[in-house]
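Notes for the one structure printed next.
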Amino acid sequence: MTRLVDLTLSRNTISYITPHAFADLENLRALHLNSNRLTRIGNDTFSGMSKLHHLILNNNQLVLIHQGAFNDLLALEELDLSYNNLDSIPWEAIQRMTSLHTLSVDHNMLDYIPEGTFSLLQKLNRLDVTSNKLQKLPPDPLFQRAQVLATSGEMTPSSFALSFGGNPLHCNCELLWLRRLKREDDLETCATPEHLSGRYFWSISEEEFLCEPPLITRFSHEMRVLEGQRVALRHTGQLGKSPVDRWLSGNVQPVK
């Protein structure tokens, strides 16, 4: 069916797709596979689909999408991966989807989004990462447009709808850039640190978004390294008044 434009296979019990199954459908613009039983997407599942604009995969049981699965989907405008069990997706491939305007990855188990993922996606106007395991979002100029929508309440070509509630946000200095956006919604809450747990994200003052200095947990004897070599100290938490802290404050010198 080489002239097929729209293929809907929703609400079935499909659990497996043969590699290259859609490779001959050169005119396909929309593929709906939502509400099935897919668990994995292989590198060859969507091979050759260079003209596909809409790929809908929500409400499956996806736990794995191989890194090369989206490499041919450069013309994609809408990608819906919501309501699955994904802890990661091929972010590098998404970075190259410069025509993308809607990305839905809500209700998964994502805990990390690489910085720079959205830098080239100038047409993106809707991003939903609700209900994942994200502790932070990567800073990106794209998010500046989110405050336009929040203020006006209307979508314009330049506005950007961002949804990120339901994540265990770690509200420290790394999220200060997000707190500085002018938004009127108050549904997002902080999970950590403990003294901010349960508080509404947008009600917390900027002064409370702090980062703790590191605590050296293992004593290290004097180390001598040459320029270009690496040296590592284990650290976590906050500096105190231990002998190690006093030793560090008096003896650590910058490496030249």
Inset, instruction - Return, for the Cα atoms of the stretch 1-118, the radius of gyration and Dmax in Å, separated by a comma. - result: 13.2, 41
Inset, instruction - Let me know the volume per residue of the alpha-carbon convex hull for the stretch 70-118, in Å³. - result: 69
Inset, instruction - Please find the FRET efficiency linking Glu26 to Leu120, where r is the Cβ-Cβ separation and R0 is fixed at 30 Å, and quote it to the nearest 0.05. - result: 0.70
Legend entry - Difference of contour (0.36 nm per residue) and Cα-Cα distance, Glu92 to Thr8: 27.5 nm
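Readers should treat all values here as calculations from the given coordinates under stated rules, not as data from a laboratory. In this text, all values refer to a predicted model and were calculated from it rather than measured experimentally. Cβ coordinates were reconstructed from backbone atoms using ideal geometry, including for glycine residues, and neighbour counts include every protein chain displayed.
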